[in-house]
Amino acid sequence: MENLIITGNVFECIDLSNNLIMEIPILPNLSRLQTIIINNNKLSFIEKDFGLHCKKLENLILTNNQISSVSSLENLATCKTLKRLSLVDNIIS
């Protein structure tokens, strides 16, 4: 995910499904990005302030990952424009 800067900030949607991603790091400045799809990975944690550079992020799809607690989602608070969050097939207690 650290190589997202090479996208040139031209995409509104990025699909990172099936990549064995374990955490969402702080993203580069992707001001056009509205949707991130990270299905079928090993995601269990979201870095603090990860959404500060995605000012238009509305959709975050985290289906079928390893998110197991609500506290691991607290860092989503930096995503002020987030409207939709999918946590289907995660074991959240």
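The values are calculated or read from the model by the stated rules, or taken from the named source; none is laboratory data. Remember, it's a predicted structure, so these values are computed and weren't measured experimentally. Every residue, glycine among them, receives a Cβ derived from its backbone with ideal geometry; neighbour counts consider all protein chains shown. When the accessible area is computed, the model is the full protein with side chains, heavy atoms only, and any ligands, DNA or RNA have been set aside. Shrake-Rupley method; radii C 1.70, N 1.55, O 1.52, S 1.80 Å.
Confirm whether N64 is touching an Asp or Glu at 6+ places or on another chain (Cβ under 7 Å) and under 15 Å from I91 (Cα atoms). Answer is yes for this residue.
Considering every residue within the range 39-48, establish whether at least one is in a loop (DSSP other than H, G, I, E, B), without any contact (Cβ under 8 Å) to a residue 40 or more places away in the chain and in contact with a Pro (Cβ under 7 Å, 6 or more places away or on another chain).
Scanning the range 39-48 turns up at least one residue that is in a loop (DSSP other than H, G, I, E, B), without any contact (Cβ under 8 Å) to a residue 40 or more places away in the chain and in contact with a Pro (Cβ under 7 Å, 6 or more places away or on another chain).
Select, from I91, I14, I26, the only residue that is at negative phi and open to solvent by less than 50 Å² (accessible area, probe 1.4 Å).
Numbers: I91 fails: open to solvent by less than 50 Å² (accessible area, probe 1.4 Å); I26 fails: open to solvent by less than 50 Å² (accessible area, probe 1.4 Å).
Every option except I14 fails the conditions.
Here L76 meets each of (1) open to solvent by 70 Å² or more (accessible area, probe 1.4 Å); (2) within 24 Å of I91 (Cα to Cα) with one exception, condition (1). Considering the range 77-92 alone, what residues qualify as being assigned to a loop (DSSP other than H, G, I, E, B) and either of a type in the set (S, T, Y) or touching a residue at least 40 places away in the same chain (Cβ under 8 Å) (or both)? The answer is T81, and nothing else.
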